[in-house]
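Working notes for the structure below.
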Amino acid sequence: MDRGLRAEKEYLRPFPSLNATYNIRENLLARAGSYWSVGRPDYVQYAGSLTLPDTEQLPGPNNFITVNNAAIKAWSARTMKLSLEYYFERVGLFSVAAFRRDIENFFGATRFRPSADFLGLYGLDPSIYDDYDVQTQFNLAKPVRMSGVDFNYKQALTFLPSWARGVQVYANASALTAKGDESNSFQGYVPRTVAWGVSLSRPRYNLQVKWNYNSPRRLAPVAAGRGIEPGTYNWGSKRMLIDVIGEYYFYKRIALFANLNNIGDAPSDNEIYGPSTPTLAQFRQRINFGSLWTIGVKGTF
């Protein structure tokens, strides 16, 4: 078959895991785990095909040659995790956990200007495609390390007076760090997240208020050029969302419910800046999704 390709891949390797739990006290547990994992590339990579740009348009960030890499390897990772869990006497939990994951052969993306020999390998005319960049994936030569810490708290406040019974509170937070990511493969991950809330339950009704906070996150890089310094990225801004959820039962089987999402109408901002971009020049775009309110009646029959 003209330009046919046959590719075979195997993952015949052991991926052991070990988990252990130690009861320090009746309501205090320590956990530890170690395990290997594997991440395969998309099957389309093994096709070895390429996607050509629109030659009637000028070369640009969204008009380039895409080449699938049939030789790319699966990444493998070793993860270590430690956690400590404390259970309250009645209803509640507090836990803290930390993990570290070392990833080898992680996937990276690269873009380069093709040579005449490269274009000739795919039978492409250099006079047509010489100015179009090539984008493909490859395995990073150095390991990538992802580490993080998680906190979790949840408790029913049973010690409150009888008129305040049914109150529950919760809070959780996570912090993530990626090191060795030379090709920005972890773009879009949120380094810091915090969520907390309070709920009240009664025989006739229940009410819950939730807060969710996301820290700024780095998105896709911007190609360096005239007036654009290296290290310039798209950034998603921090965002705080507040949701209110409630139900009121008229009868045992019929209830009025309300889901009020993003009641503060928090916008989603996009910024573009590099190491020397002034603060006033960083803002790029704002999207107002609005507050979505859903109110209705539900029944069980």
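Since every read-out is calculated from the coordinates, none of them should be taken as a lab result. Computed from a prediction, not measured in an experiment: that's the story for all the values here. No Cβ is skipped: glycine too gets one built from the backbone with ideal geometry, and neighbour counts run over all protein chains shown.
Between rounded, prolate and oblate, where does the range 187-301 land on the alpha carbon gyration tensor, with a ≥ b ≥ c its root eigenvalues, rounded for a/c under 1.5, else prolate if a/b exceeds b/c?
prolate
Choose one answer from F118, F257, F186: the residue with the largest mean-square fluctuation in a GNM of the chain with alpha-carbon springs under 10 Å.
Highest fluctuation of the listed residues: F118.
How many angstrom lie between the C-alpha centres of the range 38-89 and the range 258-294?
Answer, in whole Å: 28.
Tell me, in nm to one decimal, what length is gained between F257 and S174 on full extension, where the rule is 0.36 nm per residue of separation less the Cα-Cα distance?
26.8 nm
Mark the label point 7 Å from the Cα of L121 along Cα→Cβ and return the residues of the range 61-77 whose backbone N is within less than 16 Å of it.
65-73
Any idea what Rg and Dmax come out to for the chain if you just take the C-alpha atoms, in Å?
26.2, 82
Can you say what percent of the DSSP beta bridges in the chain, counting only those with both residues inside, are antiparallel? Round to 5.
100
Report, in listed order, any pair from K73/K238; K142/K238; K81/K154 with a Cα-Cα distance greater than 28 Å.
Over 28 Å Cα-Cα: K73/K238; K142/K238.
With point charges of +1 on the Cβ of Lys and Arg and -1 on the Cβ of Asp and Glu, referenced to the Cα centre of the chain, which listed residue (T279, Y86, L176) lies farthest in the positive direction of the dipole?
Farthest towards the positive end: Y86.
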